[in-house]
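Please read the structure below before turning to the comments.
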Amino acid sequence: MNDKNHGSRRSFLQKAGLGALGLAAAPAALESCSPQEASTAKPAPVTTPSSIITRKNIADLPENDPEVQLFKDAVRILKERSELSPLDPSGWQAHGMLHSQFCATSIYANQVHYNWYVWPWHRLYLWSMEQKLQKAVGEPQLALHYWDWTKGENKIPALYFGDNNPLNNVTRQVDENDEIPKDFINVGAGFRASNFKTFGGYPAIRKKGEPQLDGLAEQSFHNNLHNWIGGQMATFVESGFDTIFYGHHGNCDRIFEAWQHYSPDNKLPDAEEWLEKRLFSTDGYGTPVDFKIKDLLDTEALGYRFADLDLNPDFCNPFVEADMPKRETVAGELTAPVNMATSDSDAIYMELIEKDRCHVILHFERAQLPYQPYCARVFFDYDNKSHYTGTFTILPILELDSVLLAQGVHLQIEVDKHLADAIEAKKPLAVTFQPVPLPNRNIPDEVLKLENISLKLPDA
C-alpha cells in the first residue's frame, strides 16, 4: 500500500473511532420490537474482539462521513475492475452475476429462493461483498452498511443518488423523494412467526410435485422493496448490480438476526438437512468458497455485528385500523371464493380461540402467474366487509418452472380473530388481491387468475 493509502486509512480509523481498542460493544437486544431476548447462547466467535466490525445504518451517516467515502472508493474500484475485464472475479460485475447463478436459476439444487436457504445464503453473499470491498482499499475495518427502511422518512437515502456517484444506479424507478408505502415494510407479522418455516421458508423441493413455500419475510417486505425500487433491483438476474441491493439485504440480514432475539420461541431449524447444507460464494479475491449453514449463524464469527437490532416499532406491531390500507376498487383486482371445505377451518378456528392472531397458508391449487412482479394488497371479504391482511409481491417464474409452480402457489400470512368469527358463523369467505400502482409504472395489464383457494395451517 502506498503512502497515500496509509494516510487515508489512518484518517479513516481516527475519524470513525475504530482504534486499537476495538469497536463498540455488542448490539443491544431488540428493545422496540422485542419484549424478550433469545434464550439460546451463540458459539464462541473465531474472530478476536478487535477484528469484529460494526455494520451501521447508512441513512444515519452524512455524505461526507469518512466511512461513506471509503465505501464509495471501494465500490468504484470494483466497478473499474469490471470495466477493464468483465471476467475479473473480484470485480463488481462478477459479484453481481454470482447472485444470478443462485437466485435466477431453474436448477433447483442451486436455487436459494422459494425455500429456507434464502437468508443464510444472502448472509454469505453480503460477507463476500464486504470482503471484496475491504481488499479493494486495503482496509479490514471497512463495514458493509445496512439501510434501515423502517426509520426516518421511509425514503431511499440521498447518498445513493447523484452524477458521478458509484452508488447511483440509473435503472431505478424511484428517487430520494419517493416515500415507501408503509404497508410495504411491516415486519411484525414475520417477527411473530415463531415457526422458522413461516418466517424463512420451507425445505427446498426434492422432486416435481412437492410444494414450494417461501417464507413470509421473503414474500412481503423483501419482495416489496425490490419491486418498488424497480429497474435492476426488480429482477433476479441483475439486482446484485445495484448498490442499494446491499443496503436492503443488509437490513434483511439484520431482521434475520433480530427475529432470533424477538422471542425465546423463535428458534432456528435443528434439522441436519438445513444445518449441514453447503452454500457457495466467493471470497475477497473472487476465489470460490463454501460454508455450511451452521457456520453462518454467528455474525461475529463472520467478523461483524450490527450497530443495533432496534427497528421502528410502528412497523413491528400489528396494524391499527387507522393505518390499514383502505379497500378500494382497482382495475385488475381479483376476488375469488375460499373453499372452506378443503381448508383447515376447524383447526384455524381453534388457534384463534387461544390467540389474537395466527399464521396460515393461503394456498392456490392452480394459477396463471404473472410475467413480471405483481404487488398486491390482500383482503378477506365477508359479511360485506373487507379485512386487510398484508401486502405481498408475487415474483415471476421461469417458463421451465411454470408447470411445477402452477400446481401450488402459497402465501404465508397472518390473520386475526375476525376470521374466527367468519368461520364460526359459516359465512361465505372470499379473498381479494388488489394490485398496487408503483411509481412511474402501470399496474400489470395481465389479470392474476387464481382457482381453488384454501387456508391451511403451517407444518409444526
Filter result for S106 (over 26 Å from the mean Cα position of the chain (by Cα), of a type in the set (S, T, N, Q) and on the phi < 0 side of the Ramachandran plot): no
Quick check on my filter: what residues within region 90-143 are touching a Pro at 6+ places or on another chain (Cβ under 8 Å) and either over 29 Å from E210 (Cβ atoms) or among the small types (G, A, S) (or both)? Q93, A94, Q134
A367 being surrounded by fewer than 16 Cβ atoms within 10 Å (Cβ to Cβ), over 19 Å from E218 (Cα atoms), outside the structural domain of R123 (by TED's automatic domain parsing) and modelled with pLDDT under 90: no
Quick check: anything in region 324-335 within 15 Å of I423 (Cβ to Cβ) and either at pLDDT 85 or above or part of a strand (DSSP E or B) (or both)? no
When restricted to L362, L309, the only residue under 26 Å from the mean Cα position of the chain (by Cα), under 22 Å from Y262 (Cβ atoms) and outside any helix (DSSP H, G or I) is L309
Kindly indicate the residue of region 130-167 that is without any contact (Cβ under 8 Å) to a residue 40 or more places away in the chain and crowded, with 16+ Cβ neighbours inside 10 Å and also farthest from I244 (Cα to Cα) among those meeting that condition. N154
Taking region 51-91 as the region of interest, how many residues are surrounded by fewer than 17 Cβ atoms within 10 Å (Cβ to Cβ) and within 18 Å of G303 (Cβ to Cβ)? 1
Would you check which residues across region 156-203 are under 16 Å from P318 (Cα atoms) and among the polar types (S, T, N, Q) and list them? N186, S194
Tell me whether region 398-413 contains one or more residues that are more than 13 Å from Q212 (Cβ to Cβ), at pLDDT 75 or above and outside the structural domain of W228 (by TED's automatic domain parsing). yes
Taking region 421-460 as the search range and keeping residues that are part of a strand (DSSP E or B) and over 27 Å from the mean Cα position of the chain (by Cα), which one is modelled with the highest pLDDT? A430
Output for Cβ contacts, cut-off 9 Å, separation at least six or different chains, first residue without any contact (Cβ under 8 Å) to a residue 24 or more places away in the chain in region 93-116, second of a type outside the set (A, V, I, L, M, F, W, C) and part of a loop (DSSP other than H, G, I, E, B), reads Q101/N110; T105/Q111
Among the listed residues S343, S386, which satisfies the condition of being assigned to a strand (DSSP E or B), more than 27 Å from the chain's Cα centre (by Cα) and either at pLDDT 90 or above or not assigned by TED's automatic domain parsing to the domain that holds S220 (or both)? S386
Within the set of pairs 6 or more residues apart or between chains, which connect a residue that is in a strand (DSSP E or B) inside region 280-301 to a residue that is among the aromatic types (F, W, Y) with Cβ atoms less than 7 Å apart? S281/Y125; P288/F280; D290/F280
Just for region 312-323: of the residues that are under 19 Å from the mean Cα position of the chain (by Cα) and not in a loop (DSSP other than H, G, I, E, B), which one is nearest to L448 (Cα to Cα)? F315
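Residue-by-condition table, conditions (1) in the same structural domain as D163 (by TED's automatic domain parsing); (2) at pLDDT below 95; (3) not in a loop (DSSP other than H, G, I, E, B):
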{"residue": "E67", "(1), (2), (3)": "yes, no, yes"}
{"residue": "K72", "(1), (2), (3)": "yes, no, yes"}
{"residue": "E80", "(1), (2), (3)": "yes, no, yes"}
{"residue": "S90", "(1), (2), (3)": "yes, no, no"}
{"residue": "A94", "(1), (2), (3)": "yes, no, yes"}
{"residue": "S106", "(1), (2), (3)": "yes, yes, no"}
Please go through (1) assigned to a loop (DSSP other than H, G, I, E, B); (2) under 12 Å from the mean Cα position of the chain (by Cα) for N227 and return the number of the only condition it doesn't satisfy. (1)
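The values are calculated or read from the model by the stated rules, or taken from the named source; none is laboratory data. Only a predicted model underlies this, so the values are computations on that prediction, with no experimental measurement involved. Ideal geometry is used to build each Cβ from the backbone, glycine not excepted, and the neighbour counts take in all protein chains shown.
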